[in-house]
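Reviewing the structure listed below.
Please treat every number below as a calculation from the coordinates, not as lab data. All values derive from a computational prediction rather than experimental measurement. When we count neighbours, we look across all protein chains shown, and the Cβ atoms used for this are built from the backbone with ideal geometry, even at glycine.
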Amino acid sequence: MSQPATLNLLWSEEFTDHHAGVLPSESWNFDIGDGSHVGLVGWGNNEREYYTKESVSIKDSLVITAQRHQEGSDLQCYYGPAEWTSGKIHTANKIGFKYGYLEIQAKMPSGVGTWPALWLLGANLLDGVSWPHCGEIDILETTGANPYQIQGTIHGDGYFGENGATKIIQSPTLLSEDFHTYAISWSEDRIEWFFDGQSYNVINRSDEELLGKPWPFNAEFYLIMNLAIGGWFAGEVDPQLEKAKLEVKSIKYYSVNGIGELILH
């Protein structure tokens, strides 16, 4: 489909005009540290950042700020004193999504070595189902090394990491110049990706099942937004880069033709 059909708004975050600069605790959690405490050193990707609450703020929009730190930081990463702090927030055990149309209005950071992501993980991860068996839907993943690149991907058992089912397109303008909308329309048998309202990728359940691969996307998922620095996907960090910002103006979640469920915990 070129556009979603009948939409009914189920949930939204309008960061531009409410919460008095405070991220609402009834909806959002913070990840803290470098991942070592949960057995994911460097968050499983050799990332360089240490996540802190202080790296997330609201001023006209939600802002996740990655900041370089000079030698001697008192925050300890797996490689020594933290070179960077940044932010990562998610809705696990607070708000879940199953099917529907999820749209995020965001402005990407600039700088080689940045790795912003707007993505979903299967909520059964919280019950002990390991990744990638739980499933992952990347609404958007991109890097500062490819400042025009838009990538939408799914990961599951047999198609994960560098082998995720994916498609890449190029924006006509730098993604860091302005806000754009990144969205998925998700149903039992297909996931479709949109950039500024235009469809650019469709993956059908039958595409994967014909290849003998499972489809773990018929369950509750939760939303994650973060700005990583370095790691296997982003590559080396520009030594001149000191700061970068991922800005999110709004998140909107709709049912499509009556299909879509908001799950409140």
- Query: Sorting D157, D189 on the 10 Å Cβ count, fewest up front, what's the list?
  - Reply: D189, D157
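Pairs on different chains or at least eight residues apart, Cα atoms closer than 26 Å: how many lysine pairs in region 149-265 fit? Write down the numbers at each step before the final one.
Numbers: K167/K213; K167/K245; K167/K249; K167/K252.
Number of lysine pairs found: 4.
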- Note on the structure: Stretched fully, the stretch from T6 through D157 gains (0.36 nm per residue minus C-alpha distance, one decimal, in nm) 51.1 nm
- Using eta = 1.567 mPa s and T = 4 °C, Stokes-Einstein with Kirkwood Rh from Cα pairs puts D for region 125-181, in µm² s⁻¹, at 102
- Note on the structure: Bounding extents of region 135-265 in its principal axis frame from Cα atoms, largest first in Å, are 46, 33, 31
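Give the whole-number value, in cubic angstrom per residue, of the convex hull volume spanned by the C-alpha atoms of region 149-214. Numbers along the way, then the final one.
Numbers: hull volume 5.7 nm³, N = 66.
Spelled out: Cα convex hull of region 149-214, divided by residues, is 87 Å³.
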- Equivalent-ellipsoid semi-axes (√(5λ), Cα gyration tensor) for region 1-155, whole Å, largest first? 27, 19, 17
- Task: Round to the nearest 0.05 the FRET efficiency obtained for L126 and E14 when R0 = 35 Å and r is the Cβ-Cβ distance.
- Result: 0.80
- Over the chain, calculate the relative contact order: mean separation of alpha carbon pairs under 8 Å at least 6 apart, over the residue count, as a percent. 31
